[in-house]
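Below is one structure, written out as structure tokens; the observations come after it.
The values are calculated or read from the model by the stated rules, or taken from the named source; none is laboratory data. This one's a predicted model, so the numbers in the text were calculated from it and none came from an experiment. Every residue, glycine as well, gets a Cβ built from its backbone with ideal geometry; the counts of neighbours run over all protein chains shown.
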Amino acid sequence: MTNAEIFNKLQAILMDQFDLEATEVELKTNLSDDIDADSLDLFEVLNRVEDEFDIKLDVADNIATVQDLVTKIDEQVNA
């Protein structure tokens, strides 16, 4: 799976979870600063990501931006 495919799926999850437009979810988007996601929001997003990609993510991973999350997903999916 390519990073673009991962990003597209992740973008759809974030748009649905936070009622955002596609233009509001970019690789540089900071999950807490730009989307205003709190720890519960992030937990829910990570659960949806794990289900969507059939992977397990460590909540302790430093995930601040959409790019960070794409990278973590890529590491798991393409391992």
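Exactly one of these conditions fails for residue 29: (1) polar (S, T, N, Q); (2) modelled with pLDDT of 95 or more; (3) out of contact with any helix residue (DSSP H, G or I) (no Cβ under 6 Å at 6 or more places or on another chain). Give me its number.
The number of the failed condition is (3).
Just the residues that are small (Gly, Ala, Ser) and either touching a strand residue (DSSP E or B) at 6+ places or on another chain (Cβ under 8 Å) or in a loop (DSSP other than H, G, I, E, B) (or both), please, taken from region 20-79.
Those that are small (Gly, Ala, Ser) and either touching a strand residue (DSSP E or B) at 6+ places or on another chain (Cβ under 8 Å) or in a loop (DSSP other than H, G, I, E, B) (or both): 32, 37, 60, 64, 79.
Rundown of residues vs (1) free of Cβ contacts under 8 Å to residues at least 12 places away in the same chain; (2) among the charged types (D, E, K, R), yes/no style:
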residue: 3; (1), (2): no, no
residue: 11; (1), (2): no, no
residue: 15; (1), (2): yes, no
residue: 38; (1), (2): yes, yes
residue: 74; (1), (2): no, yes
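Residues in region 45-68: is at least one closer than 18 Å to residue 15 by Cα, touching a residue at least 60 places away in the same chain (Cβ under 8 Å) and surrounded by 18 or more Cβ atoms within 10 Å (Cβ to Cβ)?
no
What single numbered condition from (1) surrounded by fewer than 12 Cβ atoms within 10 Å (Cβ to Cβ); (2) within 18 Å of residue 71 (Cβ to Cβ) fails to hold for residue 33?
The single condition residue 33 does not satisfy is (2).
Among what's in region 1-28 and is among the polar types (S, T, N, Q) and under 25 Å from residue 79 (Cβ atoms), pick the residue that is surrounded by the most Cβ atoms within 10 Å (Cβ to Cβ).
Looking at residues that are among the polar types (S, T, N, Q) and under 25 Å from residue 79 (Cβ atoms), I get 11.
Mind checking which residues of region 51-71 are in contact with a helix residue (DSSP H, G or I) (Cβ under 9 Å, 6 or more places away or on another chain) and farther than 17 Å from residue 26 by Cβ?
Answer for region 51-71, where residues must be in contact with a helix residue (DSSP H, G or I) (Cβ under 9 Å, 6 or more places away or on another chain) and farther than 17 Å from residue 26 by Cβ: 52, 53, 54, 55, 56, 57, 58, 59, 61, 62.
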